[in-house]
Amino acid sequence: MSEYRRVAAAWPEAQRDRKAPWSVHAILASHPDRFSLIRNPPHGGNRWTCNGAHEAMDFLQQSRQRSGSLRQLT
């Protein structure tokens, strides 16, 4: 039940994508830019999948780590 509450709190009803499964919302819930992210499904598609959400989060995390590494070098 606490996982459901966490996801519901992260996603006000007006910000949810009706076409995206609840699982996708759960995967994206921790991302600070999740409301913009949910509007742009990956690969130019019109629907989110769990695999797509995991890929997007992995990509964003790797990008953030790379930019942090670059800042340390400068």
- Compactness check, the chain: C-alpha Rg relative to the 2.2 N^0.38 Å globular estimate gives 1.22
- Could you look at the chain and say what percent of its accessible area is carbon and sulfur, using a 1.4 Å probe and all protein chains? 52 percent
- Note on the structure: Reported to the nearest 10 Å², Met57 has, with a 1.4 Å probe, an accessible area equal to 40 Å²
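Can you give the extra length, in nm with one decimal, that the chain gains between Ser67 and Arg6 once fully stretched, where that is 0.36 nm per residue apart less the Cα-Cα distance?
Values: separation 61, 0.36 × 61 = 21.96 nm, distance 2.87 nm.
Taking 0.36 nm per residue and subtracting the Cα distance, the gain is 19.1 nm.
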- Message: Using only the alpha-carbon atoms, how far is helix 50-73 inclined from the longest principal axis of the chain? Give it as 0 to 90 degrees, nearest 10.
- Response: 30 degrees
- Query: In the chain, which longest range has no trypsin sites (Lys or Arg not before Pro) that are both DSSP loop (not H, G, I, E or B) and surrounded by at most 13 other Cβ atoms within 10 Å?
  - Reply: 48-74
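For the chain, what is the accessible area per residue in Å², given a 1.4 Å probe and the full set of protein chains? Spell out each step's value before the answer.
Numbers: 5460 Å² over 74 residues.
Per residue, the chain has an accessible area of 74 Å².
The values are calculated or read from the model by the stated rules, or taken from the named source; none is laboratory data. Computed from a predicted structure; not experimentally measured. FYI the Cβ positions are ideal-geometry reconstructions off the backbone, even for glycines, and counts take in every protein chain you see. All accessible areas refer to the heavy atoms of the entire protein, side chains included, with ligands and DNA or RNA removed. Shrake-Rupley method; radii C 1.70, N 1.55, O 1.52, S 1.80 Å.
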